[in-house]
Amino acid sequence: MDECGVSKPLNDWFRDYLSSRSYRVKLGDTLSDESKVNCEVPQGSICGPVCYLMHVNSLCGVLRHCSAHMFADDLCTLLAGTNLKDTCRLVQEDVDAVVKWSHDNGIVLNSEKTKLLIIHSPFLYLSDSPPSLFTHSFNCIHNNFINCECKPIEKVNCVTYLGVKVDCNFSWSAHIDYIINKLRLLLSKFYHLSFKVPLSTLKCIYFALVDSILGYALDCYGLTFKTYIDKLEAIQIRFLKLLVNKKTKNNCKGDYSKLFKICKILPVHLKHKYLLAINHHGNQEHDQLSLASHSYGTRSVCAGKFEVPRVNNYYGDRTLKKRLPYLLNSLPENIRLEPNKSKYKKLLKQHLLDSCPS
């Protein structure tokens, strides 16, 4: 806590709060003997998560080469490089540093859940197999890796991080399949509910269950190929057909995409644009954004539009660096320059819905 700037007298007060605690187990009317708690915080306490974050706050400082991305007790380290062997060697140094830090701070590193994912272009063939990485035990490191029997870190082609499946090519195909399987399970339940609850209630359930699944991390996986997005919109339409009456459904027969505008629900590809625009509203200083500037006055400069970088291939076109300024520039000026976020969201959604077929 002192490293995080929490000094006396609050630090002493909190030390007293954590000290001299004990616990015992009750089974029926029988109580076990008391045991002292030498570490951790009271279970279920409000300050517990904050205390843990302060406890692991110094972990990022031991990484010399990799960038750290932490959420609760999950740690993701990233390192980019063109030479696979050199990159793996630097990653191994940081893994050893994490093992030492974990030992010194009383935390056990779960080597079974530690995975290695090498992200590369699908058109790039890895001629050299990557060297094995190890989560060496502290004793192994202390003995200078003599007679090392540590198991190598498992190399995988896809890893689940915070509920998102990331594959080795960033194609998001595994995550799309994962979402579709979840929605198919919900679809059968929606069908039976459609005979028992009003359409207004069913629409509320749609936003609570279906829309939340589609919207989770959509600003990331929405940059995938159009064919994958089409799969999601196909199953999304099957839900919308249950949210309207039979007459409306028959009127849209042959082009069910009209249901999006009728139900006032954004299709996945437009919801992706909606989330991108909302997340960057009023953020003129974002790394991906820079105002267009020329030595002469062009329409883009006069309108305060953003500079769209040139790309050489389809992969470059799918990057946020290209998609974000292109999206914001395509919005009408009254929406793009709207300072009030609530009004901005309302105008943006209506603008996107108007682009749906009617």
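The values are calculated or read from the model by the stated rules, or taken from the named source; none is laboratory data. Note that the structure is predicted; figures quoted are calculated from it, not measured. Heads up: the accessible areas ignore ligands, DNA and RNA and are worked out on the full protein's heavy atoms, side chains in. Shrake-Rupley method; radii C 1.70, N 1.55, O 1.52, S 1.80 Å.
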Quiz item: Which of the aspartates and glutamates could be linked to K247 by a straight reach, that is with a Cα gap under 16 Å, when you skip same-chain ones fewer than 8 residues away?
Solution: D255
Quiz prompt | Straight-distance crosslink candidates among lysines, where the alpha carbon sits under 26 Å from K85 and sequence neighbours closer than 8 are dropped | solution = K100, K113, K115, K151, K155, K165
Exercise. Treating the angle as unsigned and between 0 and 90°, give the value, to the nearest 10°, between the Cα long axis of helix 320-330 and the longest Cα principal axis of the chain.
Key: 30
Quiz item: Where is the GNM fluctuation largest for the chain (alpha-carbon springs, 10 angstrom cutoff): G44, G81, G222?
Solution: G44
Quiz item: What's the percent breakdown of Cα-Cα distances in the range 109-260 across 5 Å bins, shortest bin first?
Solution: 1, 7, 14, 14, 13, 11, 10, 8, 6, 6, 4, 3, 2, 1, 0, 0
Quiz item: Once both axes come from the Cα atoms, what is the angle between helix 84-104 and the longest principal axis of the chain, in degrees from 0 to 90, rounded to 10?
Solution: 60
Quiz item: For the range 81-169, what log10 I(q)/I(0) values come out of the Debye formula at q = 0.12, 0.20 1/Å, with one point per alpha carbon and no solvent?
Solution: -0.43, -1.06
Quiz item: Which of these values of P(r) over Cα pairs in 20 Å bins from 0, in percent was calculated from the structure shown: [x] 20, 43, 32, 4, 0; [y] 26, 54, 19, 1; [z] 25, 44, 22, 8, 0?
Solution: [x]
Self-check item: Sulfur and carbon atoms: percent of accessible area, the chain [1.4 Å]
Solution: 53
Quiz item: Under a GNM of the chain (C-alpha, springs under 10 Å), which listed residue has the highest mean-square fluctuation: L348, L183, L199?
Solution: L199
Quiz item: If amide H atoms are built 1.01 Å from N in the plane of the peptide, which residues on other chains or at least 5 residues away come under 5 Å of the amide H of V37?
Solution: R21, S22, Y23
Practice problem: For V164, list long-range residues whose amide hydrogen, built 1.01 Å from N in the peptide plane, is under 5 Å from its own amide hydrogen. | Solution: none
Exercise. With viscosity set to 1.306 mPa s and temperature to 10 °C, compute the Stokes-Einstein D of the range 125-177, Rh being the Kirkwood radius across alpha carbon pairs; µm²/s, no decimals.
Key: 115
Practice problem: For the chain, with a Gaussian network of springs between Cα atoms less than 10 Å apart, report the residue from D96, D230, D29 with the top mean-square fluctuation. | Solution: D29
Quiz item: Where the Cα atoms of the range 12-73 are projected onto their three principal axes, how long is each span, largest first, in whole Å?
Solution: 55, 28, 19
Practice problem: Enter the accessible area per residue of the range 1-104 (Å², integer; probe 1.4 Å; all protein chains in place). | Solution: 75
